[in-house]
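For reference, the structure discussed in these notes is given below.
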Amino acid sequence: MSLDSKAKTIEFLNGKTKLSNVLPLIRFSVQDFKKESNFYITKIQDHFKDDLLIVRSSSLNEDTEYSSNAGHFESVLNVKTNDKRALRSSINKVIYSFDENPLNEVFIQPMLKDMTKCGVGFTADIDTLAPYYVINFDDSGSPDVITSGKNGNIRTYVHLKGSNYKLKSPIIQK
């Protein structure tokens with residue numbers, strides 16, 4: 001699979017992972033939202049019955065083969081599904097964090113609750129491209145400590161691909 005937008009990659013993984021669940025999403029481009037915002041607001045409200053949503057960025061300059069840009073673009077947490085004004089405002093906040101490319105995307109997912117760990121995983125060292133699994137995570141359960149720069153109990157786990165080292169943490173082992 002070649003890398004595409006972050007939203008398309010997540011959408012592709014839905015139903016294909018064995019050890020994790022990928023939450024459903026609705027994605028749309030900036031240009032489509034600007035043309036038909038009412039359509040997308042209604043689609044989101046009809047599709048998601050969850051009380052809270054997360055409005056996420058999927059810039060064409062994000063999570064590419066050559067750069068991460070993790071935390072560079074806006075995400076809005078805990079947006080009430082039934083609040084059209086808050087939903088529209090949150091989508092626009094994400095859009096305003098992008099450059100001018102009308103093909104940048106926004107995507108919406110249910111907001112996870114009761115998380116114990118939250119983080120970002122890489123399949124190579126992002127600075128050297130060395131063959132390591134690198135996981136940066138926070139033990140507080142906050143969904144945005146890693147990408148926002150907030151203070152938290154941030155930990156980093158690095159594992160050489162192909163190593164026989166037995167992991168001590170059952171969560172990381174999974």
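The table below lists the values:
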{"quantity": "Within the accessible area of segment 1-134 (1.4 Å probe), percent carbon and sulfur", "calculated": "49"}
{"quantity": "The chain: angle of helix 84-96 to the longest principal axis, Cα-based, in degrees nearest 10", "calculated": "60"}
{"quantity": "E74 long-range amide H proximity, modeled H, under 5 Å", "calculated": "S97"}
{"quantity": "Per-residue ³J(HN,Hα) for segment 20-30, Karplus 6.51 cos²θ - 1.76 cosθ + 1.60, θ = phi - 60°, Hz, x for Gly and Pro", "calculated": "8, 10, 9, 5, x, 8, 10, 10, 7, 7, 4"}
{"quantity": "Most fluctuating residue given options K93, K80, K43, as computed from a GNM of the chain linking Cα atoms under 10 Å", "calculated": "K43"}
{"quantity": "Within a Gaussian network of the chain (alpha carbon springs, distance under 10 Å), most fluctuating of L25, L52, L160", "calculated": "L160"}
{"quantity": "L19, L167, reordered so the largest accessible area comes first (probe 1.4 Å)", "calculated": "L19, L167"}
{"quantity": "Stretch in the chain that is longest and holds no chymotrypsin sites (Phe, Trp or Tyr not before Pro) that DSSP places in a loop and that have at most 11 other beta carbons within 10 Å", "calculated": "67-164"}
{"quantity": "Cα gyration tensor, the chain - rounded (a/c under 1.5), prolate or oblate", "calculated": "prolate"}
{"quantity": "Within the chain, longest stretch clear of exposed GluC sites (Glu not before Pro) (DSSP loop, no more than 15 other Cβ within 10 Å)", "calculated": "101-174"}
{"quantity": "Per-residue ³J(HN,Hα) for segment 120-128, Karplus 6.51 cos²θ - 1.76 cosθ + 1.60, θ = phi - 60°, Hz, x for Gly and Pro", "calculated": "10, x, 10, 9, 7, 5, 6, 8, 10"}
{"quantity": "Gain in span if fully extended, E100 to A130, counting 0.36 nm per residue against the direct Cα distance", "calculated": "7.5 nm"}
{"quantity": "Two-site FRET efficiency, N61 against K113, from Cβ-Cβ distance with R₀ of 30 Å, rounded to 0.05", "calculated": "0.50"}
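The values are calculated or read from the model by the stated rules, or taken from the named source; none is laboratory data. None of the values given here were measured: they were computed from a predicted structure. Every residue, glycine as well, gets a Cβ built from its backbone with ideal geometry; the counts of neighbours run over all protein chains shown. SASA here: full protein model, heavy atoms, side chains in, ligands and nucleic acids out. Shrake-Rupley method; radii C 1.70, N 1.55, O 1.52, S 1.80 Å.
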